[in-house]
Amino acid sequence: AGSEYGTGYCDAQCPHMKFIQGKANSEDWKKHSAKTPDGKKVMVGPEGRYGICCAEMDILEAKQELWGVGPDYAVDTSKPMTVVTQFITSDNTDTGDLVEIRRFYVQDGKVIKNSKADLLKGGGDSITDGLCDQAFETFNATGKHSDGDPKPQNGFKKLGGLKSMGEALGRGMALAMSIWDDDFGRMLWLDGEKGKWDEDEKDVGVQRGPCPFDYGDDKDMQAYGEKHGDIEVTFSNIKYGEIGSTY
């Protein structure tokens, strides 16, 4: 198993095998119960011994004008853009420990920095272990959860944080890009006004974007496509190389 076979892939909907601390998530696969955003219990999965997938490393931006359609946003999503992701190591070599993941955008010849996570103590505009730890605490993940749900764990830290992720990258990964929707969770975890029926949009970290809570299932997406045309995206000019050499 490995990237050359298409396994080890990680995404919010992946049914595939992944590796945790060098161990394949290949045992004890079974379905389990989960709650939809509306609070309804359904059977999902299957899920392996080490879970379905890794946690998303979202930075809940304080400045929602960074990304959107039109000239009012720093990055206009109606126009082509270059998305740059940089993996920074402790000693600035290819073999050092991963300590930071930096993201910025290039559009119309202008370099656009990621907005700062002003809701977090110390801010930050890139992913570091410190930022992930602070996000876990700031967004009430340590104490706020629905009745009957298990108390959240800082799984990213428990599994070794960025260092472990860097080691996994060193073993080889396959780049996968796609466009998709989420009938189960309506993509609320990404850009919804709230993710669960019993959450309050006014609480810190609940609001992840402007999308209505009750919108975004398959029927909504099909109706949108019929009205506005096919939903599509083009990925092109993919490059990798030394820091600063790809744009």
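The values are calculated or read from the model by the stated rules, or taken from the named source; none is laboratory data. Just so it is clear, the structure is predicted and the values come from calculations on it, not from any experiment. Cβ sites come from the backbone with ideal geometry, for glycine too, and all protein chains shown count toward neighbours. Surface accessibility is based on the protein's heavy atoms, side chains included, excluding ligands, DNA and RNA. Shrake-Rupley method; radii C 1.70, N 1.55, O 1.52, S 1.80 Å.
So the values come out like this:
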quantity: Residues of the range 74-101 that turn out to be over 18 Å from residue 238 (Cβ atoms) and assigned to a strand (DSSP E or B), as a count; calculated: 7
quantity: From 241, 229, 166, residue being out of contact with any Gly (no Cβ under 9 Å at 6 or more places or on another chain) and closer than 28 Å to residue 100 by Cα; calculated: 241
quantity: Pick from the range 99-110, criterion in contact (Cβ under 8 Å) with a residue 24 or more places away in the chain and over 29 Å from residue 137 (Cβ atoms), ranking: surrounded by the fewest Cβ atoms within 10 Å (Cβ to Cβ); calculated: 108
quantity: Boolean, residue 106 is touching a Phe, Trp or Tyr at 6+ places or on another chain (Cβ under 9 Å), farther than 30 Å from residue 198 by Cβ, outside any loop (DSSP other than H, G, I, E, B) and at pLDDT below 95; calculated: no
quantity: Condition met for residue 80 (within 30 Å of residue 217 (Cβ to Cβ), modelled with pLDDT of 65 or more and open to solvent by 40 Å² or more (accessible area, probe 1.4 Å)); calculated: yes
quantity: Every pair of residues 6+ apart whose Cβ atoms lie under 6 Å, when the first sits in the range 120-140 and is of a type in the set (Lys, Arg) while the second is open to solvent by 40 Å² or more (accessible area, probe 1.4 Å); calculated: 121/134
quantity: Of all residues in the range 83-98 being open to solvent by 60 Å² or more (accessible area, probe 1.4 Å) and β-branched (Val, Ile, Thr), the one that is farthest from residue 68 (Cα to Cα); calculated: 95
quantity: Checking residue 193 against (1) modelled with pLDDT of 80 or more; (2) touching a Gly at 6+ places or on another chain (Cβ under 9 Å); (3) farther than 17 Å from residue 67 by Cβ, the condition it does not meet; calculated: (3)
